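Undergrad: Could you have a look at this structure, given as structure tokens, before my questions?
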Amino acid sequence: MSLPEQKPDLEDSINVSEAHGRLDREAAACVREKRIAANGSEPISLWVIALCGVVVLIAGGILGGAGDWFNYKATFREGYVRSAAPGAEETGPQPKEALAAYMAKGAKIYSAKCNGCHGADAKGDGANYPSLVGSKWVTGSTEKLSMIILNGLQGPTSTGKAYGAGMPAQAAGLTPEDLAGVITYIRNNYGNSTGDVVTAEMAKAALDISAARTKVGQQTTGEELSANHEKELAGTPLDPKTMVDPVTLAPATAAKP
């Protein structure tokens, strides 16, 4: 019995080695092709790296003071002020009538120095702090009132009643404008209405008078007030409707350079 004829698995015309080589070359070519990366895994573009480098250089120059390139003083001249745009005018606080401007200044001083004792309504508490409403010493002579504010008061008030250790001095930190404002404020508020303005010039005179007192540094008394300060502060009267700078309280015409 003869065995069946043996045949190869592949046709004799196929060169196995050459076929395998071709497959290897095609696989390598596929590897070299640009692959689509997963979202978020793309390589950083060169322009992004370059931009970051520029930012680092600029930041290093600023923080490290790299010569005059980033030196503000070398770039802009000393005292430079930008001019206004064509057709534009310099703007600032708008002038107000003197009484309103002094009252606004005085309201701030009252809130800081007086409100804690005399109260928001200026009526005090009747036991430890007197009322300023309708007080003869508030609406009376301006020099007397200024001495009470600057030096404090010991002993009886205008009503004849004494309040504990009396009123402490309030001169610390007061400018002439502050003093003028608070005097004008309490004389024209809380039911008081003298209608006048105690100017910064008058307040400056009050500061000088206070500094020249015989008992400087001590509280004033009713006796001293009646004997030495029953008068008006020296200074040029100011029409309450005069327009002034609300910050400096100077007349508006004089406030402009």
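Undergrad: For segment 179-257, list the helices (runs of 4 or more DSSP H) that sit wholly inside it and hold at least 1 residues that are among the charged types (D, E, K, R) and closer than 25 Å to Glu97 by Cα; which are they?
TA: The qualifying helices (runs of 4 or more DSSP H) are 200-211.
Undergrad: While we're on this one: Given the conditions (1) touching a residue at least 40 places away in the same chain (Cβ under 8 Å); (2) of a type in the set (Ser, Thr, Tyr); (3) farther than 21 Å from Lys105 by Cα, report the number of the one that Tyr163 does not fulfil.
TA: Just one mismatch for Tyr163, condition (1).
Undergrad: Mind telling me which of the residues Ala206, Ala200 ends up being under 26 Å from the mean Cα position of the chain (by Cα), small (Gly, Ala, Ser) and surrounded by 18 or more Cβ atoms within 10 Å (Cβ to Cβ)?
TA: Residue meeting the stated conditions: Ala200.
Undergrad: In segment 129-158, which residues are outside any helix (DSSP H, G or I) and within 36 Å of the chain's Cα centre (by Cα)?
TA: Tyr129, Pro130, Ser131, Leu132, Val133, Gly152, Leu153
Undergrad: Within segment 156-176, is there a residue that is β-branched (Val, Ile, Thr), surrounded by fewer than 21 Cβ atoms within 10 Å (Cβ to Cβ) and either touching a Lys or Arg at 6+ places or on another chain (Cβ under 6 Å) or not assigned by TED's automatic domain parsing to the domain that holds Thr221 (or both)?
TA: For segment 156-176, residues β-branched (Val, Ile, Thr), surrounded by fewer than 21 Cβ atoms within 10 Å (Cβ to Cβ) and either touching a Lys or Arg at 6+ places or on another chain (Cβ under 6 Å) or not assigned by TED's automatic domain parsing to the domain that holds Thr221 (or both): absent.
The values are calculated or read from the model by the stated rules, or taken from the named source; none is laboratory data. On a predicted model such as this, the values are computed, not experimentally measured, just so you know. Methodologically, a virtual Cβ is constructed for each residue, glycine included, from the backbone with ideal geometry; neighbour enumeration extends over all protein chains shown.
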